[in-house]
Structures are given as structure tokens and as C-alpha cells.
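Have a look at the structure below, then the notes.
The values are calculated or read from the model by the stated rules, or taken from the named source; none is laboratory data. For clarity, every value in this text was computed on a predicted model and none was experimentally measured. Cβ sites come from the backbone with ideal geometry, for glycine too, and all protein chains shown count toward neighbours. Note: accessible area is taken over every heavy atom of the protein model, side chains too, but ligands, DNA and RNA are not part of it. Shrake-Rupley method; radii C 1.70, N 1.55, O 1.52, S 1.80 Å.
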Amino acid sequence: MVLLIGNYPADQQQSMQRFAQMMLRSLTTAGVAAELIAPRPFFGKVRWAGRFVAKWLGYIDKFLLFPRELKRRIAHGVELVHICDHSNAMYSRWIRNRPIVVTCHDLLAVRGALGEVPDTPASATGKYLQRWVLSGLAKASAIVCVSQATLRDVQRLVRQKDRCPRFLHIPLGLNYPYRRQECARARQSLAAIKGLALDRAFVLHVGSNLRMKNREGVLRVFALTKSDWRGQLVFAGEKLTPQLRSLGGQLGILDRIIEVENPPNELLEALYNSALVLLYPSRYEGFGWPIIEAQACGCPVICADREPMSDIGGDAALTAPVEDEAAMARALLNLTDPTERACWSEKSLRNAQRFVADDPTAQYLALYH
């Protein structure tokens, strides 16, 4: 029995929840007995006192109640524990006499606590929490890194004193079978999106409002093209903050912005298939799932020329320094040429096959054994 540890639902870390569900689904399909558990919201359900109080009450759920459940579950037939998100690595301290595998998606929060990444600053308690994460990682039997950039960070920052460290690189696969669709089918799905004019091209961004996702940059790059074409800008994922909407107004593009809050996979697949390009100028990433999701649908990608984005996108991604928004705008306008876009679309489909063909489940099973 493999016990998977997932994320606290109230934290709404959707990509991490998708990864845990993907692991459970893949292991079950492979005939491996597996179970997924996660801290359950009890005290953290109290929302009337505000987000700050709810966060601290959530710590009771995560660090006082859940360890008791974890120890009880491990005592009944569990042979190996897989912590699906490195931010839960502190649970290693409550796991005895079982191998522990941790998937490390990035160490950006740890690096922020160390002052290395300005986009992820940490409070005093946050710095303590990130030291706890590092301590938990050091107790793992093996740490799987989803990108080479994350692997280098782990090798540099995680100290395992008593034994030879075991660090591996296993890239993420697609968490949904995104693929190319017929244009008519995709447009039919998009017809339900309020405000989206299907007779006009659109640029797509998929993600959240975290500073490192650089949605401000998305708005500025798009604004640089507004005089040259009549395109729209679609934000899929988290709704824009008032500050981002204000910036859109200042840039004169607010009337061209459409928001699609947390679209289901089927709708997101239609967006990827229909978008002119995925504009993804993140400053930092652990992997960059939307890059390969878009490419699997034949959607070209513009992203920053820094790892891991440039590595994941390969030679199929149009890259530029994250500060060079004018270069990204020029790349976007070049893709309005149908011939140019078709060329990059075919490159994207070929690059995505790297992640479709390499099944991470088989690599995880070999590691488990």
C-alpha cells in the first residue's frame, strides 16, 4: 500500500491537488494499492473572523489534528509514504520505519525566506515554516524534482547528514489528456464564455495572481500591441485583483479583457486550441504546466528565457528576457500571420510529445520498488 499525502483543501493550491489526484489515478490504473489522505478543514472552516484568523486555525488542522490521523493510518498496512507536495515535507517527522518519497515542485518559498527570490518574501513565521520544510526534506528517503532547475536548488539547499542523498529528476506529465481539437468543436465550447467575441483572435494567460506569475507583464505586453490588431486578452484561472483591473484600465485595454474563473479541463482545452498564443511571462516557476498543456493543443507559447520555462518549452517556445516586454509584443504580433503561427503550432505539438511519451508513473514505480 502506497499512502499519498495531499494538500489542505482550504489552501486552494489547485495545481498541487491536481498532481496528487493524478498520482492516485495513475497508481490505481497501474494496479498499485494506493490511498490519498490530506488534512481536513475543521477549525480552518471558520471564515467569519477573517482570512488571517482562518489561516492560524488551519494550522491546528494541519499540524495538530492531521499528524494523529497520519500515524494511525500508517500503522495499518502502509509500506511507503509519498508526500505529493514538498511544502508538506514537515510531516516526515511523524513517519517512522517507512520509506518516504517527496515530490519537490520548487523551492521558491524556501529561497524567498532566504532572501534569494524577491517575489516570494516570508514573514518571521514564514521563515520558520520554510526551515521546517527543509528539515522535513532532509528526512526523506528520496526527493523527486520536477525540473532540472528545482533539482539544482535541492542539491544546494537540502542537507542530509546521516546518509547519501537520493535526488532524482522526474518531469511532470500532463494531468489531463490535452490534445488538438477541431475548430468547430472548440468554438462551440467557447460560446458560453460571456464577452468573448469568437470572430476576433485572443491571447491566453493561465494562472494565478501570485507576483511571480507576472500578470502585470501580461497586461503591459498586450497593451503594446493594441494599436496593431483588434485582439482580446483572456485570463483563465484566478480572477484579476482590483489592482490588476485598474492597471488594465490605465493601459486602455480593460474593454478587451475577458476573465474565465477556474475553467474545467474541457473548457481550458478549448481555450488552448482556439488561442492565438499562450502568453506566459512568469518570472519564476517550478515547472510550468500551462506551457506543455498549450503545446499539446498546438497553441504556441511566449515565455521568459529562463529555466525551467525555456527548458520545458524547448525550441518550440518563443522566449525573451522577462524584462523585454517589447520583444514579447513583437513575437505576439508575428503570430498574427497564419503561416508563422502554423509553423510554431507544429513545433509545439512535437515538443509536447516529450511529456506525453515519458510516463512519470513508471519512473515513480521503479523508485518505489
Are there any helices (runs of 4 or more DSSP H) wholly within the stretch 166-269 with 2 or more residues that are surrounded by fewer than 17 Cβ atoms within 10 Å (Cβ to Cβ), and if so which? 183-190, 242-250
Which one of the conditions (1) on the phi > 0 side of the Ramachandran plot; (2) free of Cβ contacts under 8 Å to residues at least 60 places away in the same chain; (3) open to solvent by less than 60 Å² (accessible area, probe 1.4 Å) does Phe63 fail to meet, given that it meets all the rest? (1)
Can you list the helices (runs of 4 or more DSSP H) lying wholly within the stretch 277-357 that have 1 or more residues being without any contact (Cβ under 8 Å) to a residue 60 or more places away in the chain and open to solvent by 60 Å² or more (accessible area, probe 1.4 Å)? 325-334, 338-357
If you check every pair at least six apart or on different chains, which have Cβ atoms under 8 Å apart with a residue in the stretch 238-258 that is free of Cβ contacts under 8 Å to residues at least 12 places away in the same chain first and a residue that is polar (S, T, N, Q) and open to solvent by 60 Å² or more (accessible area, probe 1.4 Å) second? none
Which one is surrounded by the fewest Cβ atoms within 10 Å (Cβ to Cβ) among residues in the stretch 127-161 that are in contact with a helix residue (DSSP H, G or I) (Cβ under 6 Å, 6 or more places away or on another chain) and under 19 Å from Glu307 (Cβ atoms)? Val158
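Pull up the stretch 81-126, narrow it to residues that are within 20 Å of Ile5 (Cβ to Cβ) and basic (Lys, Arg), then point me to the one that is most open to solvent (accessible area, probe 1.4 Å).
Arg96
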